[in-house]
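Just so you know, all these numbers are worked out from the coordinates, no wet-lab data involved. Every value quoted in this text rests on a predicted model; they were computed, and no experiment measured them. Cβ coordinates were reconstructed from backbone atoms using ideal geometry, including for glycine residues, and neighbour counts include every protein chain displayed.
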Amino acid sequence: MSIRHKIAATLFISVFVLTLLMNVLGQFLNYREFRQHIRGDAETSVRLAIGQANRWFADNMTAANLLGFQAEKFAETEAAGILEEALMSAADQIGLSSVYLGMDDGRFAAREPEADITAANFKESEWFREAKKQRKLFFISPTASKRDGKYFLTFGAPIFGAQRLFVKGAVGFDVPLADLKNAVGGIFVSEVGGVEVFPIKEGRYVIFVRPQQMSEVELTLFKDRIQEGLPEAGTRIPIHKNQYLLIHEPIPGTPLVIFYPISIAELAHPLIKRALVVTGITTLGLFIVFQLVLMLMGRFVNRIQLLK
């Protein structure tokens, strides 16, 4: 190799390595800033989801109040079939598919309850006991349906006697947690692959917003990892072959926690792509500069040789 080729190659390699190091450093700083930005967006999304969840709870409590108000009107009658007909009519007006009503005197009416509630056992059911105990609108913690194993919430209201001095019955309805999942699943910063609900310790339940890229293996490992308790929000933990940034927050006044993991690889992907593009452009530019340097050095050396 001639001297001019050696000089040009050394210059090319030096500039290329320097440019690559600067580019990597710049992308690292961008990554840290980008990660903080994404975390801020994720925390905002969780707060918005909690707002949506609170509205969802308020809407269902309003429905329970309306159902209870309607129930008080027709609970006085003892004519056969009137209780059932009136309950179904009220449920249809509010748009409820799973609804039931029980009275202290043993009368019971129901349509497709998720729980195993019958005329023989309704007084032992939690919704009936809560109505007698709380004397106000209420909801029951998530329960797994015996039909399909999916979780649902029970909302209810007490039916008061004369002058609202005592509770003589209760009315309730079941709402699949899928409805809540649909309410909160569409407002997150990245594409959501689904929303899972499962219990953790201390009687709490996780509404797990699953990233689209998360595999079934990672989902199972996540469930096992947080079964005994939630890591601190903002923690990074390794799951299978990936790392996740954890964002979670409880829905006030409920046993529910919205849990939103963000894949670190997903965060880094656009920055890696950008780094490759910048490096490719830089390499092309250096190649052009290298050719120009060779051409100029060739002319310079030729003139020196002529002079010699």
### Note, ³J(HN,Hα) from phi for region 234-247, Karplus 6.51, -1.76, 1.60, rounded to Hz, x at Gly and Pro
x, 6, 9, 10, x, 10, 6, 10, 9, 10, 10, 9, 9, 10
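So what's the net charge close to Ser89: Lys and Arg +1, Asp and Glu -1, counting the other residues with Cβ under 15 Å from its Cβ?
Result for the neighbourhood of Ser89: -2.
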### Query
Could you give the nm distance between label points at Ala233 and Leu292, where each point is 7 Å from its Cα heading toward the beta carbon?
5.3 nm
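For every other residue with a beta carbon closer than 12 angstrom to the beta carbon of Asp104, add +1 if it is Lys or Arg and -1 if Asp or Glu, then tell me the sum.
Summing Lys and Arg as +1 and Asp and Glu as -1 gives +3.
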## Note on the structure
Rounded to 0.05, the calculated FRET efficiency for the beta carbons of Asn121 and Arg147 at R₀ = 25 Å is 0.90
### Query
For region 49-168, with only Lys/Arg (+1) and Asp/Glu (-1) charged at the beta-carbon, what is the dipole magnitude about the Cα centre, in debye rounded to 20?
460 debye
## Note on the structure
Cα-only Rg/Rh for region 44-152 with Kirkwood Rh rounds to 1.00
### Task
Just the number, please: Stokes-Einstein D of region 116-231 in µm²/s, Kirkwood Rh from C-alpha pairs, 10 °C, 1.306 mPa s.
96 µm²/s
### Task
Distance check, please: which entries in Lys181/Lys241; Lys168/Lys201; Lys73/Lys123; Lys136/Lys181 exceed 32 angstrom between their Cα atoms?
Lys168/Lys201
### Task
Within the set of other residues whose C-beta is less than 12 Å from the C-beta of Pro199, count the net charge using Lys and Arg as +1 and Asp and Glu as -1.
0
### Potential extension, Asp224-Asp179 segment - 0.36 nm per residue separation minus Cα distance
13.7 nm
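If each residue of separation counts as 0.36 nm, what is the full-extension length gain between Leu48 and Glu84 once their alpha-carbon separation is subtracted?
9.0 nm
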### Message
Suppose R0 equals 30 Å. What FRET efficiency, 1/(1 + (r/R0)^6) with r the Cβ-Cβ distance, do Arg55 and His240 give to the nearest 0.05?
### Response
0.25
